[in-house]
Amino acid sequence: GTLLSTPRDKQSVSVPSRLRDSQGEPTVKASSVSSSVSLPPSFMAASSISDDRKTLRAIWYENGEPLRLLDQLALPSVSRYVAVHDHKEGHSAIASMLVRGAPAIAITAALSLAVELARSIANEDAHHADPTSPLTDGVPATADEARARIENALEFLKTSRPTAVNLFEAAARLSALVKACEGSPREIFELFIGEAEAMLEQDVACNRRLGAFGADCIPGEQVRVLTHCNTGSLATAGYGTALGVIRALQEQGRLEHAYCTETRPYNQGSRLTAYELVYEKIPATLLCDSMVTALLEELLAKGQKLDAIVVGADRVVANGDTANKIGTLQLATLAKVYGVPFYVASPTTTLDVDTATGADIVIEQRSGHEVRYCKEVQLAPEEVAVWNPAFDVTPARLITGIVTENGVIPPSSDASG
C-alpha cells in the first residue's frame, strides 16, 4: 500500500518527546509507531479460525512481519494500518489509544514484544549464515539475560493502561511461563512468541462462545439491545464481547435493532461501534449518552421495550463489581429503574479475583484535553477545570449477569469461584 502521512490528532496522554509536535502538544502520527499502511475503507480481514463470514480485524499479525494495528484514532473517516516493530512502539500505541479495548490491549502488548524477539532471532540467524556481517540486537548469551529482557519489557508494557486487567493477566502468565522454561535463550524467545501468537486465535474462539451464551440470556423472537463504548472486533482479536452478543443475535436472526451510545469524551461508540455496525449491515441507531432515558420512555410510549443493555468490562473483581468505560454506571442505574436486564460481557481473563471490591480498583485519570477538544476542534475554554476518569465502577447489585466464554456468572457470586 501507499505510505500516508497521518493527520495530527492532539491526544491527552503522557507520551515521549519524540511523539510531540513543535508546540509540545502530544500527537499521534504514523511516525510515532512506524509507517502507516494505506488500505481502502472497505478493507476486511477474515479471521484465520472463523467461518467464511468476514469481519473487521483490529490486529493483523504474520510471523516474521511487523505487527499491524488498525489506527482507531483515524476512524471512521480513514481506514489504515500502522506497523509496530517492538514493545516500546506497542506501549505508545496502547497509551495513545491507537488501539484500545481490554482484550486487544493485552494481545497488542504480547505481540509487539513477540515481533521484537522474532527479529532478534532472525538477526542471529543472519549473522550465523554470514559471520562477517555485524550482529546487532541478537539473542542474549544466557537464559537469565533472555528472561530479564522479557521481564523488563512486560513491566514497561504494564504501565501503558493501568485499569485494563487483561494486560496484567497476560503479563503475569507470560512471565511465569518464561521463568519456568529451562531451555536456551533462543528457546525462551520462541516459547514466548508461540504463546503470544496463540492468544490471538484463542481470543476469537473465546468471543464466539461468549457471544452465544450472551444471546441465550436474551429471550424473544425479535429483540432490541443497547450497548456502550466499543466492544467489538476493534476492541478484541475479532468478533467482540458485548458487540459479539449483538453479532450472535444477528446471526440467529433474532436482532430487531441495536442501539449504541456515542461514549463521550472519546466517542468510541460513534467512531468505532457505529462503524462496525454499519460495516456489517446490522440495523442500528446511534444515541448521545444523555438520550438513553428518552429512548426508554419513547419505547414505552409505543408499547415496546428495550430487551437488554449489554456492555463490556475492563476489570471484574471478586465481589462482582465491574469497571468499564465511563458512563456504564449511569446505564446500569437506568436499567434498574426501568427493569431492563443489564449484562456485562467479559472473558474470564478480565476477572480479577485478587481485588476484593470495586472500591479497590485504580481508575485511570486522563487529561482534560480530551474533554475540551474533539480532535482539533475546541469545545470548551482552556481555563475550565476538567475531571476526566476513563472508567467508572458498576456495583454487582445493578448487574443481571456476567457473561463469560464458560457461561453466565450471577453477579452475587464470588468471581473467584
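The values are calculated or read from the model by the stated rules, or taken from the named source; none is laboratory data. Worth saying up front: this structure is predicted, and the values here are computed from it rather than measured. Here the Cβ is made from the backbone with ideal geometry for all residues, glycine too, and neighbour counts use every protein chain on show. Note: accessible area is taken over every heavy atom of the protein model, side chains too, but ligands, DNA and RNA are not part of it. Shrake-Rupley method; radii C 1.70, N 1.55, O 1.52, S 1.80 Å.
Considering the chain as a Gaussian network with a 10 Å cut-off on Cα pairs, which listed residue, ASP130, ASP392, ASP216, attains the greatest mean-square fluctuation? It is ASP130.
Counting pairs of alpha carbon atoms under 8 Å apart in space and at least six apart in sequence, what relative contact order in percent does the chain give?
Values: 865 pairs, mean separation 60.2, N = 417.
This gives 14 percent for the chain.
Here's the picture: a label point sits 7 Å out from the Cα of LYS302 along the beta-carbon direction, and within segment 308-335 the residues with their amide nitrogen under 20 Å of it are 308-310, 335. The phi torsions of segment 119-133, fed into the Karplus equation with coefficients 6.51, -1.76 and 1.60 and a -60° offset, translate into couplings of 5, 5, 5, 5, 4, 5, 5, 5, 5, 5, 5, 9, x, 7, 7 Hz, rounded to whole numbers, with Gly and Pro shown as x. Between the amide H of TYR259 and those of VAL225, LEU226, THR227, THR285, distances stay under 5 Å, these residues lying 5 or more places away or on another chain, with hydrogens modeled in the peptide plane.
Across every pair of different alpha-carbon atoms, what Kirkwood hydrodynamic radius in Å does segment 217-364 reach? Before the final figure, lay out each step's value.
Values: mean 1/r = 0.0643 Å⁻¹.
About 15.5 Å, per the Kirkwood formula over Cα pairs.
Take the Cβ atoms of ALA148 and HIS257, set R0 to 51 Å, and the FRET efficiency comes out at 0.45. With Cα atoms as the point set, segment 144-277 shows a radius of gyration and Dmax of 18.8, 59 Å.
Rounded to the nearest 0.05, what FRET efficiency do ARG119 and VAL78 give with R0 = 41 Å and r taken as the Cβ-Cβ distance? Could you check? The formula returns an efficiency of 0.90 here. Between GLU65 and ASN406, residue separation times 0.36 nm minus the direct Cα-Cα distance comes to 119.4 nm. Peptide packing: for 133-141, 238-246, the average count of neighbouring Cβ atoms within 10 Å per residue gives the ranking 238-246, 133-141, highest mean first. Beyond 20 Å between alpha-carbons counts as too far, so tell me which of LYS305/LYS336; LYS158/LYS375; LYS88/LYS158 fall in that bin. With Cα atoms farther than 20 Å apart: LYS158/LYS375.
Simple spin-label estimate for THR348 and GLN222 gives 3.8 nm between the two label positions (7 Å along the Cα-to-Cβ direction from each Cα). Note on the chain: with a GNM built from Cα contacts shorter than 10 Å, the maximum mean-square fluctuation among THR236, THR333, THR142 falls on THR142. Spin-label model, HIS128/LYS179: points 7 Å from Cα along the beta carbon direction are separated by 2.9 nm.
Share of the chain's accessible area from carbon and sulfur, percent, 1.4 Å? Display every interim value, and only then the final one.
Values: 9190 of 16910 Å².
Roughly 54 percent, rounded to a whole number.
What the phi angles of segment 185-196 give under the Karplus curve with 6.51, -1.76 and 1.60, with θ = phi - 60°, is a coupling list of x, 5, 5, 5, 4, 5, 5, 4, 4, x, 5, 5 Hz, glycine and proline written as x.
Quick check for you: with a 1.4 Å probe and neighbouring chains kept, what is the accessible area per residue of the chain, in Å²?
41 Å²
Mean sequence separation of contacting Cα pairs (under 8 Å, at least six apart), scaled by the length of segment 133-289, corresponds to a relative contact order of 17 percent. Looking at segment 57-137, the pairs of alpha carbons with a distance over 18 Å make up 44% of the total.
Indicate the gyration tensor shape class of segment 236-322 (rounded, prolate or oblate), computed on the Cα atoms with a ≥ b ≥ c the square roots of the eigenvalues: a/c under 1.5 is rounded; otherwise a/b larger than b/c is prolate and the rest oblate.
Details: a/c = 1.35, a/b = 1.17, b/c = 1.15.
Taking the square roots of the gyration eigenvalues as a ≥ b ≥ c, segment 236-322 is rounded.
Which value results for Rg/Rh of segment 109-199 when Rg is the Cα radius of gyration and Rh the Kirkwood radius based on the inverse mean 1/r? List each step's numbers first, then the result.
Details: Rg = 13.7 Å, Rh = 13.6 Å.
The Rg/Rh ratio comes out at 1.01.
Rounded to two decimals, the Cα radius of gyration of the chain over 2.2 N^0.38 Å is 0.99. Backbone phi angles across segment 136-153, fed through the Karplus curve with coefficients 6.51, -1.76 and 1.60 (θ = phi - 60°), yield HN-Hα couplings of 10, 6, x, 6, x, 6, 10, 5, 4, 5, 5, 5, 4, 4, 5, 4, 5, 5 Hz in residue order; Gly and Pro are listed as x.
For a protection proxy built on the mean count of beta-carbon atoms within 10 angstrom, sort 102-108, 344-350, 296-302, 63-69 highest first, please.
Working: 102-108: 28.3, 344-350: 25.9, 296-302: 12.4, 63-69: 19.7.
Ranked from most to least packed, the peptides come out as 102-108, 344-350, 63-69, 296-302.
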